Amino acid sequence: MIRHIGRRLLLAIPTLLAVFTIIFIIVRVAPGDPAVAALGDYASADAVEALRERMGLNEPLWKQYLTFLGDLTRGDLGRSLISQKPVSEQIAFVLPYTLELTAASILIGLILGIPTGVITAIRRNTTTDYVGRTLSLLGLSFPSFYLGILLIFFFAVRLGLFPAVGSAPFSEPVRNLHYLVLPALTLGLIETAYIARMTRSVVLTILTDDYIRTARAKGLEEWVVLLKHALRAALIPIVSLVGIFAISLIGSSVLVEEVFARPGLGKLMVGATKQKDYTTLQSIMVVYALIIVMINLLVDIIYTYVDPRVRFS
Amino acid sequence: MADAVANPGAPGHVTLASPESPKLISQRQRALRTFTGNRTAVVGLAMILIIVFIAIAAPLLAPYDPLDQSVRSRLDPPSLEHPLGLDDKGRDILSRVIYGARIALMVGFFSVLVGGALGTAIGVVAGYFGGKIDSALMRLTDVMLAFPDLITGLLVLAVLGPGLWKMIFAIGLTIAPRFARVAYGPTLAIKGKEFVEAARSIGVRDARLLRVHILPNVGGDLLVFGSLWTASAIRLEASLSFIGLGVAPPTPTWGQMIREGTIHLTTVPMYSLGPGLALLLTVFAFNLVGDGLRDVLDPKARA
C-alpha cells in the first residue's frame, strides 16, 4: 500500500515539473515590469533598478528558473510584490477556509446526489425520473455565484437564519460552521446535480449487466441487489468522477468566496490578479497544482479500497 | 425519450426500419429525428432562438436606452415604467438585461470559435504527425485540462488585462484543450485508414490531406461539442465579469450587473436576480440542446 502511494507520488513529479514550468513562463511573458508594479508608476528609475536587482530579475532567465524551482523544493513561495509579506504565510492562513468549504460541499453533494441518482435510475422514464433529471440539468446550469446570491436573498435577507457574508475563525467552531452553511450549500447543491446525474447513468448501465440478472434470478430481494451488488460496482466510476468534480469545485470556490466575502485561495487569487501581484499569483497556481495532484492521488488510494482488482498491482 | 418508450410510434423510434417500410434512413436524417424526438432538446433550441432574437432586436425590445442615466432617481424598486427597477446610476435594469444578451452570446459564440480553431489544430496536428509533436502537444493539453477553467481564465486575463477580445481569447484558450482531446482520437483512427494511405501514395501533401480527408471526418463531433461548450463559455464570461475582470463598465453584461446588485439585494433585489435569471436560462437552454445532441452522438447513452 505504502509502496503503491510512493510510486504514485513519484509519477506525479514530471507532471508537477511541467506545470511549474508553464506557470513560470506565463508569469514571465506577462507585460509590465514587476518592479514597477510593486513600487508604482511614479517610482524613480534607481529604486526600480534596485528592486529588480533584489528580486533577481536581472539574472538570466535560466538562472531565475532554477532559483524558482529551488525555492519551491524548500517550500519558499517568495514574497508578495505588493505587500512584501511572505506568500506562504498568506496561503497558510486562507487554505483551511478553502479546504473546509470544498470538503463540506462534496459531502453535501454525495449525501444528496447518490440517493437521487439511484432513485431516478430505478424509476427510469417515470415522472420522478423526468423531474429529477430536469432539476439536475437546471442545477448544473446554475452559475455558482447566482445560486449563492439567491441563498443569501432567501435565507439571510428574508429569513435571517444565517449570516449573509463574512466568516469566523476556526477558534470559534460554532460561529465558523454557522458562516459555512450558505457557501457550502451553494456549492453542495450544484455538486448534487452533477453527482445525481452521473450516478443515474452509471447505475443504469450496471443494472443491465448479467450478474445483476443472476442476482435477481436467484431470488435476492431487490434492495439487496441494488445496495450490495449494483451500488458497490457503481462506486468505482463514482469515485473517479467525484475526484474530477472536486477539482472543478476548487474553481467554483473562487466565485463563492467572492460572493460570501470569505477568505480563501480563490479570493487571494482574485486580489492578486487585480493588483497584478505576479509572485502571489505564481505561488497560488503552484498550490492549486499541488491540490489537484493530491486529489488525484486520493482518488487512486480510495480506488484500491473500492476496486479489488487494482489492489497492490 | 420518455414518450419514445411508451409509444413506439414516436419520432424517436423511427430508427429501426421495419420490414413493411424498407425505406432506408440516412444517418443525418436519423440524427435529426433522434434530436427532434427529444422534447427537452427542442425546447432548448426554441429558448436559444428566442434569446438570439432578443439580442438582435434589443434596440426594439428594450423600453429605454441601457446607458441612459438621465432619470433623476436611482435604485428605484420595480414599477410600471421600470418593471425591474433602476440601477445605482438610474439606468433601467430591464433594458440592461436585454442588452446584456448581446455580450453573453457574442462571447459565447466567438470564444468557442477561437477555442475550436485552436484546439482542433492542436488535436489534428498531434494525432496526424505523432511522435514528439504529439507527446509535447498532448502533454500541454493534459496539463491545461487539469486546471478548472475559471482558474485558467483568471490567469490568462491577469496576464492579458481586461477587454472584450481579450476575454474572448482567454475563454477560447480554456476551451481549446477540450477540442484538442475530441479532435485527437478520430484523427488517429482516420490516419490509418486505407483511403488516407491511398491519397498519400499518389503524392497528396500533408496540408491537403489534413484539409480534405481528416478535418471533414472530425468536423461533426466538433460541431456538436462546440454547441455544448457554448454553455460553459457563457457561464465563464459571466463569472469573470462577476469577479470584475469583464468588459469595461458602461457596456451592460449580466455578470457585472449581478455583482453591482449584490449590495442592493435588500432594496432592489431584481438588480442582481434579474440578470442572474437571464444568465441561468441561457446556460440552461444550451445545456438542454447539448444533452439532446449527446443522445444523437451516442445512441448507447440513450436511456
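The values are calculated or read from the model by the stated rules, or taken from the named source; none is laboratory data. From a predicted model like this one, the values you see are computed outputs, not experimental measurements. Note that we place each Cβ from the backbone using ideal geometry, even for glycine, and neighbour counts take in every protein chain shown.
Looking only at residues of segment A:128-173 that are more than 9 Å from chain B (Cβ to nearest Cβ) and of a type in the set (S, T, N, Q), we find that the one that is nearest to A:Leu249 (Cα to Cα) is A:Ser136.
Is it the case, given these coordinates, that A:Pro96 is surrounded by fewer than 16 Cβ atoms within 10 Å (Cβ to Cβ) and touching a Phe, Trp or Tyr at 6+ places or on another chain (Cβ under 8 Å)? Criteria met by A:Pro96.
Just so you know, in segment B:239-292 the residues that are hydroxyl-bearing (Ser, Thr, Tyr), more than 8 Å from chain A (Cβ to nearest Cβ) and in contact with a helix residue (DSSP H, G or I) (Cβ under 8 Å, 6 or more places away or on another chain) include one that is farthest from B:Gly108 (Cα to Cα), and it is B:Tyr271. Of all residue pairs spaced 6 or more apart or on separate chains, those with beta-carbon atoms under 6 Å, a first member in segment A:107-136 that is free of Cβ contacts under 8 Å to residues at least 60 places away in the same chain and in a loop (DSSP other than H, G, I, E, B) and a second member that is buried (at least 18 other Cβ atoms within 10 Å of the Cβ) and not small (Gly, Ala, Ser) are A:Arg123/A:Asp129.
Within segment A:224-247, identify whether any single residue is within 9 Å of another protein chain (Cβ to nearest Cβ) and at positive phi, and answer yes or no. No, segment A:224-247 contains no residue that is within 9 Å of another protein chain (Cβ to nearest Cβ) and at positive phi.
The condition of being touching a residue at least 12 places away in the same chain (Cβ under 8 Å), part of a helix (DSSP H, G or I) and surrounded by fewer than 20 Cβ atoms within 10 Å (Cβ to Cβ) holds for only one of B:Leu279, B:Leu215, that being B:Leu215.
Can you go through A:Val259, A:Val254, A:Val203 and tell me which one is within 20 Å of A:Arg124 (Cβ to Cβ) and surrounded by 23 or more Cβ atoms within 10 Å (Cβ to Cβ)?
Working: A:Val259 fails: within 20 Å of A:Arg124 (Cβ to Cβ); A:Val254 fails: within 20 Å of A:Arg124 (Cβ to Cβ).
Checking each option against the conditions leaves just A:Val203.
Here's the yes/no breakdown for (1) within 14 Å of chain A (Cβ to nearest Cβ); (2) surrounded by fewer than 22 Cβ atoms within 10 Å (Cβ to Cβ); (3) modelled with pLDDT under 85:
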| position | (1), (2), (3) |
| --- | --- |
| B:Ser95 | no, no, yes |
| B:Gly100 | yes, no, no |
| B:Ala117 | no, yes, no |
| B:Gly185 | no, yes, yes |
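Just one of the listed residues (A:Pro96, A:Pro86) is without any contact (Cβ under 8 Å) to a residue 12 or more places away in the chain and within 17 Å of A:Leu265 (Cα to Cα), namely A:Pro86.
Scanning segment B:163-183 for residues that are surrounded by fewer than 19 Cβ atoms within 10 Å (Cβ to Cβ), in contact with a Ser or Thr (Cβ under 9 Å, 6 or more places away or on another chain) and either small (Gly, Ala, Ser) or under 16 Å from B:Ala136 (Cα atoms) (or both) yields a single hit, B:Arg181. Summed over segment A:248-262, residues that are in contact (Cβ under 8 Å) with a residue 60 or more places away in the chain, at the interface with chain B (Cβ under 7 Å from one of its Cβ atoms) and over 14 Å from B:Ile243 (Cα atoms) total 1. Report yes if some residue within segment A:3-14 is under 17 Å from A:Ile291 (Cα atoms), among the β-branched types (Val, Ile, Thr), assigned to a helix (DSSP H, G or I) and away from chain B (no Cβ under 14 Å); otherwise report no. Within segment A:3-14, one or more residues are under 17 Å from A:Ile291 (Cα atoms), among the β-branched types (Val, Ile, Thr), assigned to a helix (DSSP H, G or I) and away from chain B (no Cβ under 14 Å).
Can you find, within segment B:282-303, the residue that is modelled with the lowest pLDDT among those that are in a helix (DSSP H, G or I) and aliphatic (A, V, I, L, M)? Top of the filtered list is B:Ala301. Within segment A:79-88, the set of residues being loosely packed, with under 13 Cβ neighbours inside 10 Å and in a helix (DSSP H, G or I) is empty.
Within the bounds of segment B:257-265, is there any residue that is under 20 Å from B:Leu94 (Cα atoms), at pLDDT below 80 and outside any helix (DSSP H, G or I)? The answer is yes; a qualifying residue exists. List every residue pair whose Cβ atoms lie under 6 Å apart, where the two residues are 6 or more positions apart in sequence or sit on different chains, the first residue falls within segment B:122-150 and is away from every other protein chain (no Cβ under 12 Å) and of a type in the set (D, E, K, R), and the second residue, located anywhere, is in a helix (DSSP H, G or I) and surrounded by 22 or more Cβ atoms within 10 Å (Cβ to Cβ). Taking only residues 6 or more apart or on different chains, the pairs are B:Asp134/B:Ala126. When B:Gly153, B:Gly131, B:Gly127 are checked against the criterion of being on the phi > 0 side of the Ramachandran plot, of a type outside the set (A, V, I, L, M) and over 14 Å from the mean Cα position of the chain (by Cα), a single residue qualifies: B:Gly131. Restricting segment A:104-127 to residues that are hydroxyl-bearing (Ser, Thr, Tyr) and within 21 Å of A:Gly188 (Cα to Cα) leaves a set whose member that is farthest from the other protein chains (Cβ to nearest Cβ) is A:Thr116. Condition check for A:Ala45 on (1) within 14 Å of another protein chain (Cβ to nearest Cβ); (2) more than 30 Å from B:Met138 (Cα to Cα): one failure, at (1).
Could you tell me whether any residue of segment A:279-293 is out of contact with any Leu (no Cβ under 9 Å at 6 or more places or on another chain), touching a residue at least 12 places away in the same chain (Cβ under 8 Å) and either among the hydroxyl-bearing types (Ser, Thr, Tyr) or surrounded by 22 or more Cβ atoms within 10 Å (Cβ to Cβ) (or both)? Spell out how you get there, then give the answer.
Of all residues in segment A:279-293, those out of contact with any Leu (no Cβ under 9 Å at 6 or more places or on another chain) come to A:292.
Filter again for touching a residue at least 12 places away in the same chain (Cβ under 8 Å), leaving A:292.
If we keep only those that are either among the hydroxyl-bearing types (Ser, Thr, Tyr) or surrounded by 22 or more Cβ atoms within 10 Å (Cβ to Cβ) (or both) too, we end up with A:292.
Among the residues of segment A:279-293, at least one is out of contact with any Leu (no Cβ under 9 Å at 6 or more places or on another chain), touching a residue at least 12 places away in the same chain (Cβ under 8 Å) and either among the hydroxyl-bearing types (Ser, Thr, Tyr) or surrounded by 22 or more Cβ atoms within 10 Å (Cβ to Cβ) (or both), which makes the answer yes.
In the set (1) at pLDDT 90 or above; (2) surrounded by 20 or more Cβ atoms within 10 Å (Cβ to Cβ), B:Phe110 fails one condition alone, (2). Being in a helix (DSSP H, G or I) and in contact (Cβ under 8 Å) with a residue 60 or more places away in the chain is a property that holds for A:Tyr179.
Among the residues of segment A:142-176, those that are aromatic (Phe, Trp, Tyr), without any contact (Cβ under 8 Å) to a residue 40 or more places away in the chain and assigned to a helix (DSSP H, G or I) comprise A:Tyr146, A:Phe153, A:Phe154, A:Phe155.
Looking only at segment B:159-181, how many residues end up being touching a helix residue (DSSP H, G or I) at 6+ places or on another chain (Cβ under 8 Å) and either among the basic types (Lys, Arg) or touching a residue at least 60 places away in the same chain (Cβ under 8 Å) (or both)? It would help to see each step written out before you state the result.
Initial filter on segment B:159-181 (touching a helix residue (DSSP H, G or I) at 6+ places or on another chain (Cβ under 8 Å)): B:159-160, B:164, B:166-181.
Restricting the remaining residues to those that are either among the basic types (Lys, Arg) or touching a residue at least 60 places away in the same chain (Cβ under 8 Å) (or both) gives B:164, B:166-168, B:170-172, B:174-176, B:178-181.
Number satisfying all stated conditions: 14.
Listed by first and then second residue, the pairs linking a residue in segment A:19-44 that is outside any loop (DSSP other than H, G, I, E, B) to a residue that is modelled with pLDDT of 75 or more and of a type in the set (Phe, Trp, Tyr), with Cβ atoms under 8 Å apart and 6 or more places separating them unless they lie on different chains, are A:Phe20/A:Phe68; A:Thr21/A:Tyr65; A:Phe24/A:Tyr65; A:Phe24/A:Phe68; A:Val27/A:Tyr278; A:Pro34/A:Tyr278; A:Ala37/A:Tyr278.
Residues that are within 14 Å of another protein chain (Cβ to nearest Cβ), under 25 Å from the mean Cα position of the chain (by Cα) and among the hydroxyl-bearing types (Ser, Thr, Tyr) are absent from segment A:205-223. Scanning segment B:119-147 for residues that are surrounded by fewer than 22 Cβ atoms within 10 Å (Cβ to Cβ) and outside any helix (DSSP H, G or I) yields one hit, B:Gly130.
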